[in-house]
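To start, the structure under review is shown below, and the notes come after it.
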Amino acid sequence: MLDAHRLRVFRSVVASGSVQAAAANLGYTPSAVSQHITALQRETGLVLFERAGRGLRVTAAGTVLAAQADAILARLGEAEIVVADLRAGRTGTLSVSYFASVGAAWMPGVVRRLTTDFPGVRLDLALREYLPDDPAQRSDVQVAVERSEFAAWPGFGVVHLLDDPYVVVLPDTHPLADRAEIELAELAGERWVDNDVARGWCRRNLIEACSAAGFRPPFHVEAHDYPTAMAFVGAGIGVTVLPRLGAARLPPGTRAVPVVRPEPVRSILAVVRDAVADTPPVVAALAELRAVAGCSALGALGALGAPGVPEVLGALSPAAAPSAR
C-alpha cells in the first residue's frame with residue numbers, strides 16, 4: 001500500500017522542482033525529503049526521478065504517478081474533513097451555491113441562520129454563475145438565474161424567489177433621466193456600456209429583448225461587472241442596462257429607470273435537491289432566501305424612487321433591513 005505521507009512529499013518535489021525547494025516548503029531537511037523519495041521508489045518499484053545536471057528531472061513514470069497522486073490526496077483530504085466533522089459532532093453537509101450578484105447581499109443572512117440554528121451541519125459554499133450539466137457539480141441548493149419556466153433536472157425541484165426586471169442606468173443630466181419608464185427602442189442610439197463580458201444568460205436575455213425591439217445594442221465600452229459599468233455611466237461614458245437588483249447602489253450622478261416594451265426580466269430561482277428538500281436546514285435556508293429576496297426587491301424599488309417604499313423599509317425589523325440593498 002502506498003504511504004500517503006510519502007506521496008505528499010513526492011508531489012511537493014515535483015511541484016517545487018527540487019529537493020531543496022520542497023524541503024523548504026515542507027519544513028524538512030533535504031536529507032529527510034530524499035529519504036522519503038527513496039522509500040517511495042522502493043515501495044513502487046519505479047524510478048520517479050533522474051539526474052539532470054546538478055538537479056533532478058521527473059521521469060515519465062513519475063509524471064503519471066504525480067497526476068494520480070493529486071486525485072488520491074484530494075480524496076484523502078475529503079476523508080480527513082469527514083473525520084474532523086464527526087469528531088466535532090457535525091453529522092451532515094449541506095452544499096449551497098450562488099451567483100455573484102446575490103453573494104454579498106443575500107448569502108451572509110442565509111449562512112448566519114444556518115450556522116446559528118444548525119451548528120451540527122457543515123456548509124459547503126460555492127460561487128457558481130451557471131447551472132451545471134455535470135450531476136457531480138450540482139449543489140443541494142443552488143441560487144441561480146434562469147427563465148421563469150425553467151424545468152429542473154430529475155431529482156430536483158424549483159423554488160421561485162424573485163422576478164428581477166431590467167433598468168437603464170444613465171447620467172442624471174440625461175434627457176431621459178426624469179422619465180418614469182423608457183422604451184427599449186429609445187436607447188438604440190445611445191453609447192452602451194457592456195456589463196457582462198462573460199456573455200452570460202442575463203446578457204443574452206437583454207440581447208433578445210433588444211432584437212425584439214428592432215436593434216442590437218451598440219456596445220462601445222466593456223466593463224467586467226455591474227459596479228464598474230455604472231461607474232462608467234457616472235463618468236459620462238454612456239448608459240448601461242442591467243437587472244434592477246444590480247442597480248441597488250447607484251453611483252453619484254446617475255439614475256436608474258425601468259425599461260419597457262419589451263421588458264426584459266430575469267427570474268432568480270432556488271434549485272433544490274428532492275432528497276433534502278424537507279430537511280430542517282433546507283427549509284430554513286429557503287425561508288431566509290425568500291425573506292432577503294423580498295427585502296432586496298423593496299430596496300431596489302426604493303432606489304428607483306417608488307412611492308411608499310421608504311416607509312415600508314423603515315418598518316422592517318433590524319434583522320431584515322440590512323438585506324435591502
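From the list Ala297, Ala287, the lone residue that is assigned to a helix (DSSP H, G or I) and modelled with pLDDT under 90 is Ala297. Candidates in segment 173-203 are the residues that are part of a loop (DSSP other than H, G, I, E, B) and hydrophobic (A, V, I, L, M, F, W, C); of these, the one that is farthest from Phe232 (Cα to Cα) is Ala180. Considering segment 183-205, and only residues there that are touching a His at 6+ places or on another chain (Cβ under 9 Å) and of a type in the set (A, V, I, L, M, F, W, C), the residue that is farthest from Val241 (Cα to Cα) turns out to be Ala198. Considering segment 34-131, the qualifying strands (runs of 3 or more DSSP E), each wholly inside and each with 1 or more residues that are assigned by TED's automatic domain parsing to the domain that holds Glu146 and surrounded by 12 or more Cβ atoms within 10 Å (Cβ to Cβ), run over 92-98, 121-127.
Taking the criterion of being farther than 30 Å from Tyr166 by Cβ, charged (D, E, K, R) and assigned to a loop (DSSP other than H, G, I, E, B), the only residue of segment 260-280 that qualifies is Asp278. So, Ala185, is that one small (Gly, Ala, Ser), out of contact with any strand residue (DSSP E or B) (no Cβ under 9 Å at 6 or more places or on another chain) and more than 23 Å from Val159 (Cα to Cα) or not? The answer is yes for Ala185.
Yes/no per residue for (1) aliphatic (A, V, I, L, M); (2) touching a strand residue (DSSP E or B) at 6+ places or on another chain (Cβ under 9 Å); (3) more than 28 Å from Asp274 (Cα to Cα):
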residue	(1), (2), (3)
Val13	yes, yes, yes
Leu76	yes, no, yes
Ala104	yes, no, no
Gly109	no, no, no
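Residues that are under 26 Å from Pro262 (Cβ atoms) and without any contact (Cβ under 8 Å) to a residue 24 or more places away in the chain within segment 150-174 comprise just one, Ala151. Among the candidates Ala209, Ala185, the residue that is small (Gly, Ala, Ser) and either modelled with pLDDT under 95 or under 29 Å from the mean Cα position of the chain (by Cα) (or both) is uniquely Ala209.
Kindly establish whether Ala67 is free of Cβ contacts under 8 Å to residues at least 40 places away in the same chain, of a type in the set (A, V, I, L, M) and in contact with a Ser or Thr (Cβ under 9 Å, 6 or more places away or on another chain). Taking the combined requirement at face value, the residue does not satisfy it. Taken over segment 39-62, the residue count meeting the criterion of being touching a residue at least 24 places away in the same chain (Cβ under 8 Å) and not charged (D, E, K, R) is 9.
The values are calculated or read from the model by the stated rules, or taken from the named source; none is laboratory data. The structure presented is a predicted model; accordingly, all values stated were derived computationally and were not measured. Every residue, glycine as well, gets a Cβ built from its backbone with ideal geometry; the counts of neighbours run over all protein chains shown.
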